[in-house]
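A.B. asks: Below: one structure in structure tokens.
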Amino acid sequence: MRAFFIGRFQPCHLGHVEVLRDVLKEVDELIIGIGSAQESHTLENPFTAGERMLMVSTVIDELIEDMLKRGEIDRRKKVYVVPLEDIYRNSLWVSHVLSMVPSFEVVYSNNPLVIRLFREAGIEVRKTKLYKRVDYQGTEIRKKMIEGDEWKKCVPDCVVRIVEEVGGVERIREIANRDV
Ligand code: NAD
């Protein structure tokens with residue numbers, strides 16, 4: 001079975017990792033949509049689609065290694081990472097997604113709008129669990145980056161490295177108009 005999961009991954013955090021772990025246990029192949037791909041350099045969406053693709057692909061490689069080691073999966077799973085731009089007409093969004101990614105049988109999500117739109121289109125949606133939603137939340141992590149609080153414990157080490165490589169903290173603080 002091939003499944004679809006979409007997120008903005010601004011940035012990819014440990015909540016995403018735990019959900020992806022759950023999903024990978026259940027599916028043969030997974031398509032991960034990088035949502036709002038056209039957005040970057042804003043407070044809501046500081047990272048480019050390319051930076052987020054790198055975060056997610058690196059996280060997936062490490063996650064699959066870890067799951068194989070723990071015996072949570074018995075073979076490598078095929079994962080596609082696809083950037084998806086928003087379209088400003090929700091009623092057409094599912095068709096837009098279907099036109100951009102390989103076919104899939106089921107969607108995994110906890111985003112109410114995503115769930116609603118896929119269910120209305122007659123596509124099966126499985127709700128995912130929430131993990132430490134207070135800490136593992138893009139908005140909170142971006143706020144911590146701006147305010148100089150401890151954000152690194154909320155994301156995998158490989159994401160810390162990518163954020164540092166692209167000067168992500170300086171970028172978001174400049175956008176927020178704060179001194180580094
Ligand atoms: P996100 O990165 O915030 O979340 C992605 C997924 O991870 C969600 O299912 C969320 O519930 C889950 N998640 C987040 N934190 C978690 C935690 N701590 N524990 C467990 N799960 C957690 O991304 P998002 O904003 O939900 O992404 C949806 C994308 O779909 C956006 O880019 C949005 O613009 C796009 N979209 C576009 C249209 C349109 O263009 N008309 C319509 C619908 C959705």
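A.B. asks: Quick check on my filter: what residues within the stretch 143-180 are over 21 Å from the mean Cα position of the chain (by Cα) and under 15 Å from residue 47 (Cβ atoms)?
C.D. replies: Hits for the stretch 143-180 are 170, 173, 174, 175, 176.
A.B. asks: Taking into account only those residues within the stretch 29-84 that are part of a loop (DSSP other than H, G, I, E, B) and of a type in the set (Asp, Glu), which is farthest from residue 168 (Cα to Cα)?
C.D. replies: Going through the qualifying residues, I end up with 74.
A.B. asks: How many residues, within the stretch 49-62, are touching a residue at least 40 places away in the same chain (Cβ under 8 Å), over 26 Å from residue 74 (Cβ atoms) and more than 13 Å from the ligand (Cβ to nearest atom)?
C.D. replies: 2
A.B. asks: Could you grab me the full set of residues in the stretch 99-114 that are surrounded by 17 or more Cβ atoms within 10 Å (Cβ to Cβ) and not in a loop (DSSP other than H, G, I, E, B)?
C.D. replies: 106, 107, 108, 109, 114 - these are the residues of the stretch 99-114 that are surrounded by 17 or more Cβ atoms within 10 Å (Cβ to Cβ) and not in a loop (DSSP other than H, G, I, E, B).
A.B. asks: In the stretch 81-88, is there at least one residue being of a type outside the set (D, E, K, R), near the ligand (Cβ under 9 Å from one of its atoms) and free of Cβ contacts under 8 Å to residues at least 24 places away in the same chain?
C.D. replies: yes
A.B. asks: Please state which one of 133, 126 is under 25 Å from residue 19 (Cα atoms), touching a Phe, Trp or Tyr at 6+ places or on another chain (Cβ under 9 Å), among the basic types (Lys, Arg) and open to solvent by 50 Å² or more (accessible area, probe 1.4 Å).
C.D. replies: 126
A.B. asks: Among the residues of the stretch 122-142, which ones are within 15 Å of the chain's Cα centre (by Cα), at pLDDT below 95 and of a type in the set (A, V, I, L, M)?
C.D. replies: Passing the criteria: only 130.
A.B. asks: Output the residues belonging to the stretch 21-39 that are near the ligand (Cβ under 10 Å from one of its atoms), under 21 Å from residue 100 (Cα atoms) and open to solvent by 10 Å² or more (accessible area, probe 1.4 Å).
C.D. replies: Selection gives 36, 37, 38, 39.
A.B. asks: Does any residue of the stretch 96-117 turn out to be within 15 Å of the ligand (Cβ to nearest atom), free of Cβ contacts under 8 Å to residues at least 60 places away in the same chain and touching a helix residue (DSSP H, G or I) at 6+ places or on another chain (Cβ under 6 Å)?
C.D. replies: Yes, that holds for at least one residue.
A.B. asks: Further question: I'd like to know if the stretch 12-20 contains one or more residues that are open to solvent by 10 Å² or more (accessible area, probe 1.4 Å), under 25 Å from residue 150 (Cα atoms) and touching a strand residue (DSSP E or B) at 6+ places or on another chain (Cβ under 9 Å).
C.D. replies: Yes, there is a match, as at least one residue in the stretch 12-20 is open to solvent by 10 Å² or more (accessible area, probe 1.4 Å), under 25 Å from residue 150 (Cα atoms) and touching a strand residue (DSSP E or B) at 6+ places or on another chain (Cβ under 9 Å).
A.B. asks: Scanning for something part of a helix (DSSP H, G or I), within 12 Å of the ligand (Cβ to nearest atom) and open to solvent by less than 80 Å² (accessible area, probe 1.4 Å), does the stretch 155-177 turn up at least one residue?
C.D. replies: Checked against the condition, which is being part of a helix (DSSP H, G or I), within 12 Å of the ligand (Cβ to nearest atom) and open to solvent by less than 80 Å² (accessible area, probe 1.4 Å), the stretch 155-177 yields no hits at all.
The values are calculated or read from the model by the stated rules, or taken from the named source; none is laboratory data. Since the model is a prediction, treat every value here as computed from it, not as a measurement. All Cβ positions, even for glycine, are placed from backbone atoms using ideal geometry, and neighbour counts span all protein chains on display. Calculation scope for accessible area: heavy atoms of the full protein, side chains included, ligands and nucleic acids excluded. Shrake-Rupley method; radii C 1.70, N 1.55, O 1.52, S 1.80 Å.
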